[in-house]
1. Excluding LEU179 itself, calculate the net charge of residues whose Cβ lies under 13 Å from the Cβ of LEU179, where each Lys or Arg counts +1 and each Asp or Glu counts -1.
2. Ignoring any ligand, DNA or RNA, what whole percent of the accessible area of the chain comes from carbon and sulfur when the probe is 1.4 angstrom?
3. Checking a compactness column here: for segment 170-240, what do you get for Rg(Cα) / (2.2 N^0.38 Å), N being the number of residues?
4. Using amide H atoms built 1.01 Å from N in the peptide plane, name the residues 5+ places from VAL270, or on other chains, whose amide H lies under 5 Å from its own.
5. From the helices alone, meaning DSSP H stretches of at least four residues, give me the mean residue ellipticity at 222 nm for the chain, per-run term -39500 (n - 2.57), in deg cm²/dmol to the nearest 500.
6. Which of the peptides 14-21, 88-95 is most tightly packed, and how do the rest follow, going by the mean number of other Cβ atoms within 10 Å of each residue?
7. If you take the alpha carbon radius of gyration of the chain and divide it by 2.2 N^0.38 Å, what ratio comes out, to two decimals?
8. Could you work out the relative contact order of segment 126-396? I mean the mean sequence separation of Cα pairs under 8 Å and 6+ apart, divided by the number of residues, in percent.
Amino acid sequence: MEPLYIQPLLEIREYLRLAFEPSADQHAVEERLDRYITEVIEGLYGAPRVTTDTALGRLSLLQQEEAVPGSVLHPEAYMSRLIREVVPHSINTSSPNFIGHMTSALPMFFRPLSRLLTALNQNVVKVETSKSFTVLERQALAFMHHQVYGCNESFYAEHGQHPESTLGMMTSGGTVSNLTALWIARNAALLSPETDVKRDGYALALHKNGYRRGVILGSSLMHYSIDKAADILGLGSDGVIRIGCDSRGRIDLSKLAKEIAACRERGDRVLAIVGIAGTTESGAIDPLQELARMARAERIHFHVDAAWGGPLLLSDAHAHKLRGIEWADTVTIDGHKQMYLPMGTGLLLLKDPLAAALIEKKAQYIIRGGSADLGRRSLEGSRPAMSVFLHAGLHLLGREGYGYLLDEGIRKTRWMADLLAGHHAFELIGEPEINILTYRYIPAALREAVRNGTLTPEEHNRINRFNERLQEVQGRQGESFVSRTTLSGIEGLPESIVVLRVILANPLTTEEHIKNILDLQQTIAEELELSFS
Ligand SMILES: *Cc1c(COP(=O)(O)O)cnc(C)c1O
């Protein structure tokens with residue numbers, strides 16, 4: 001890479017003119033920066049290494065500075081520093097050997113698109129700062145609503161662009177989508193002729209309705225964003241009731257039915273039942289049809305957290321796994337996970353186009369009643385037009401492209417599961433439902449006991465500690481990455497079992513990469529075994 005020519009510092013007025021006013025000089029600097037960044041991307045994107053072997057604690061980087069700089073740095077000098085000091089130690093999420101998290105390579109076309117988005121700097125909080133992008137966002141959301149709920153043409157003709165209808169919302173991610181869904185659920189559950197949470201507040205609304213408290217029910221594998229939502233909405237951690245799972249990581253329906261009855265007896269109002277479509281831990285999918293039926297019978301809001309699994313609807317081969325999602329009142333989908341959109345793209349879809357009125361707000365100076373402003377009914381205020389990425393993804397990848405990507409990930413996961421099932425040193429934990437797989441390494445001395453099912457609790461803990469060490473060492477080396485989690489509350493498994501976790505979503509990851517990663521783990525493990533007791 002050719003070094004950047006660093007210009008001598010300009011006087012501040014001249015410098016700001018260069019920054020803001022279009023000119024030949026500005027154009028030249030921008031072009032040099034773009035070329036530089038393009039080269040960096042070419043060197044990094046899809047490269048095999050995940051990161052350097054420098055530990056986080058040893059990265060001093062920009063910390064050497066103590067205060068806001070008094071004078072400016074030329075943009076080329078700054079960029080060059082960022083790229084030399086920070087970028088190499090970041091995580092290469094596009095690496096084919098980075099198979100431990102829900103973040104992966106992105107299609108090329110989002111890079112120029114993100115440049116356009118920054119240049120246009122739209123704010124979709126209101127029409128006055130986004131105009132056509134408000135229309136585009138509504139259209140992208142209508143596409144996704146149709147994918148989930150499949151309403152007819154006249155429904156979308158009526159509600160797609162109608163200012164009083166809300167088919168969905170773009171959010172910064174699954175956390176805010178889940179919070180918004182439960183916010184709507186809470187306000188709906190407590191709305192009565194006597195009270196309205198929006199006016200009376202949560203405590204008084206509960207009291208006027210004669211409830212002791214409000215609770216959310218879901219499986220033990222619910223994402224921790226549900227706990228955040230419960231805290232913010234006033235439910236507290238005791239307001240989230242986690243039900244045990246069957247051996248496939250799906251909520252136990254009979255335990256759920258018992259809990260619903262117990263809630264009724266205690267005077268607890270169930271504000272929502274949460275079904276998970278693709279648990280973060282293992283990709284399990286709750287029985288959505290049965291959950292929907294139970295929720296409907298009890299007149300309880302049914303929310304589906306499909307942050308990870310939602311895009312399976314775009315696969316002809318796997319969409320059936322989500323059957324029942326069309327009965328959900330609200331559905332969370334993360335665009336920045338399996339839709340391969342840039343980070344910061346979340347969605348919440350609403351079955352009832354008028355449900356968002358339950359959280360609607362007005363402000364005289366900005367959000368007037370009756371306006372088409374998207375900010376009236378969303379938690380977030382000012383926000384970028386991330387819906388452009390969604391709209392683009394749906395056109396540039398479409399059902400055909402998404403279907404292929406999803407099917408391939410699931411196919412490779414099956415391949416890896418079969419490899420592990422026949423492996424002498426690894427133990428596959430649970431059968432993968434989609435493209436998340438959990439397994440562990442068994443030290444040679446304990447293999448016999450695992451095979452015979454005679455592991456003592458102490459030996460089980462030793463295997464847990466061993467897998468923690470293995471995952472740490474592999475991560476520290478920086479060549480590849482597999483994550484780790486602790487499973488609990490699953491029928492047939494010990495109460496707390498440490499597993500290695502692989503997510504196969506990156507299309508750059510091949511069977512060869514997977515095999516090499518397992519070989520590497522085995523090498524690390526055999527070395528550890530020499531010193532491990
Ligand atoms: C990732 C995830 C979330 C949280 O989404 P963010 O985009 O990280 O806020 C919630 N639920 C599930 C099932 C997830 O996989």
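1. On the way: positive: ARG186, LYS228; negative: ASP227, ASP231, ASP305, GLU380.
Net local charge, LEU179 excluded: -2.
2. Details: 13750 of 25150 Å².
Carbon and sulfur: 55 percent of the exposed surface of the chain.
3. On the way: Rg = 12.5 Å, N = 71, 2.2 N^0.38 = 11.1 Å.
Relative to the 2.2 N^0.38 Å estimate, segment 170-240 comes out at 1.12.
4. Here the answer is VAL215, since their amide H atoms fall under 5 Å of that of VAL270.
5. Details: 17 runs with 220 residues, N = 533.
Helix-only estimate at 222 nm: -13000 deg cm²/dmol.
6. Working: 14-21: 12.6, 88-95: 17.1.
Answer by packing, highest mean first, reads 88-95, 14-21.
7. Values: Rg = 25.6 Å, N = 533, 2.2 N^0.38 = 23.9 Å.
Normalised Cα radius of gyration, the chain: 1.07.
8. Values: 500 pairs, mean separation 69.9, N = 271.
Dividing the mean separation by the residue count of segment 126-396 yields 26 percent.
The values are calculated or read from the model by the stated rules, or taken from the named source; none is laboratory data. No experiment lies behind these values; they were computed from the predicted model shown. Glycine gets a Cβ as well: all are built from the backbone with ideal geometry, and neighbour counts include every protein chain shown. Remember, those area values only see protein heavy atoms, side chains included, never the ligands or the DNA or RNA. Shrake-Rupley method; radii C 1.70, N 1.55, O 1.52, S 1.80 Å.
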